[in-house]
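The next block holds one structure in the form of structure tokens; read it before the comments.
The values are calculated or read from the model by the stated rules, or taken from the named source; none is laboratory data. Note that the structure is predicted; figures quoted are calculated from it, not measured. Note that we place each Cβ from the backbone using ideal geometry, even for glycine, and neighbour counts take in every protein chain shown.
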Amino acid sequence: MKKWTIFPFALVLGLTLSPSASAQRSSSNDTCRDQEWGRDREGACEIRDYTVPASGATLSVNAEPNGGINVEGSQRMDVLVRAKVVTTADTQEAARALLSRVVVTATADRVSADGPGRDGDHESWSVSYRILVPVRTPLSLRSTNGGISIDNVVSQVDLRTVNGGVNLTRMGGDVKGRTSNGGINVMLDGSTWDGGGLDLETSNGGVTLAIPRAYSAHLETGTVNGGLRIDFPVTVSGRIGKSFSTDLGSGGPTLKAMTSNGGVTIKQRE
């Protein structure tokens, strides 16, 4: 089969993007400073910290329906959960009263929150999480309206969100993730992927991969409606179309990141 070398380029592969739903993304700021309540709303916010044992089993974090998740691998021997609880209502007194009705559960294998049903446009609540875990902690992360970010975790990871972006840095292990309306950003480090591989997909959102020089892996990426940009030479086998696969360096675990409606950018980092 004929091999092709692709030099840095920008290729437009179609511009008929489907409309995407508005994504709600949580900020990396895990304090209540500068919290916005929304138009004509009053609100309240508080931070709740929990320290639980690190069991070594899968830690399941559920931020549904409205909350983001930020997980960081650390040298800790336990798990620190910082829950940011936000409520809105017609008055500040009502919003503060609602805080006490939102219950956060944090155990060695499960983090979630429960609260009253939504009262039309009068009252609402959300809980976002910043969690510090041992680097090798298996994770199962879920949200509906919120982004998911993970840094410095090397383990089995399964993540799902609907309206929110996915951001991964310094990752390894066996990582799988899906979002419907949100971009995917992956920053790799080291010389190769440590673990089984990476499999990410979005329906409406761009994909950006930042890959170190002299990195070894098998790369698969592509788009249906969007552009494709690569800022360093790669070699592919077969037809060059809206998706392609290639071995980087000496090859290695498969790193896959796909989108249906959005551009793909592959860039090199020092």
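Regarding G196, is this residue surrounded by fewer than 16 Cβ atoms within 10 Å (Cβ to Cβ) and within 26 Å of I69 (Cα to Cα)? So G196 passes the test.
Being in contact with a strand residue (DSSP E or B) (Cβ under 7 Å, 6 or more places away or on another chain), among the β-branched types (V, I, T) and closer than 13 Å to L188 by Cβ holds for only one residue in I266, I230, and it is I266. Take I211 and decide whether it is closer than 21 Å to V264 by Cβ, of a type in the set (V, I, T) and in contact with a Ser or Thr (Cβ under 7 Å, 6 or more places away or on another chain). Spelling it out, it is not the case that I211 is closer than 21 Å to V264 by Cβ, of a type in the set (V, I, T) and in contact with a Ser or Thr (Cβ under 7 Å, 6 or more places away or on another chain). For region 82-93, a residue qualifies if it is surrounded by 17 or more Cβ atoms within 10 Å (Cβ to Cβ) and either in contact with an Asp or Glu (Cβ under 7 Å, 6 or more places away or on another chain) or not hydrophobic (A, V, I, L, M, F, W, C) (or both), and the qualifying residues are R82, K84, V85, T87, T88, A89. Selection of region 53-81 for residues being among the hydrophobic types (A, V, I, L, M, F, W, C), touching a Ser or Thr at 6+ places or on another chain (Cβ under 6 Å) and surrounded by fewer than 23 Cβ atoms within 10 Å (Cβ to Cβ) yields only L80.
Applying the criterion of being small (G, A, S) and closer than 23 Å to G252 by Cβ to the residues of region 171-193, the residue that is surrounded by the most Cβ atoms within 10 Å (Cβ to Cβ) is G172.
Whether any residue in region 162-181 is part of a loop (DSSP other than H, G, I, E, B), among the β-branched types (V, I, T) and within 25 Å of A54 (Cβ to Cβ) is what I want to check.
The answer is no; no qualifying residue exists.
Can you tell me which residue is modelled with the highest pLDDT among those in region 213-270 that are under 21 Å from the mean Cα position of the chain (by Cα), closer than 19 Å to T192 by Cα and β-branched (V, I, T)? Within region 213-270, the match that is modelled with the highest pLDDT is T254.
If I ask for residues that are among the hydroxyl-bearing types (S, T, Y) and either buried (at least 22 other Cβ atoms within 10 Å of the Cβ) or more than 15 Å from N181 (Cα to Cα) (or both), which ones from region 136-156 would you list?
T137, S140, S143, S149, S155
For region 188-214, a residue qualifies if it is within 20 Å of S155 (Cα to Cα) and in contact with an Asp or Glu (Cβ under 9 Å, 6 or more places away or on another chain), and the qualifying residues are G195, G196, G197, L198, D199.
Looking across region 110-125 at every residue that is surrounded by 20 or more Cβ atoms within 10 Å (Cβ to Cβ) and modelled with pLDDT under 95, the one that is farthest from the chain's Cα centre (by Cα) is identified as E123. Here the strands (runs of 3 or more DSSP E) wholly within region 198-270 that include at least 3 residues being among the hydrophobic types (A, V, I, L, M, F, W, C) are 207-212, 217-225, 254-261.
Annotation: T107 fulfils all but one of (1) closer than 21 Å to T58 by Cα; (2) crowded, with 16+ Cβ neighbours inside 10 Å; (3) β-branched (V, I, T); the unmet one is (2).
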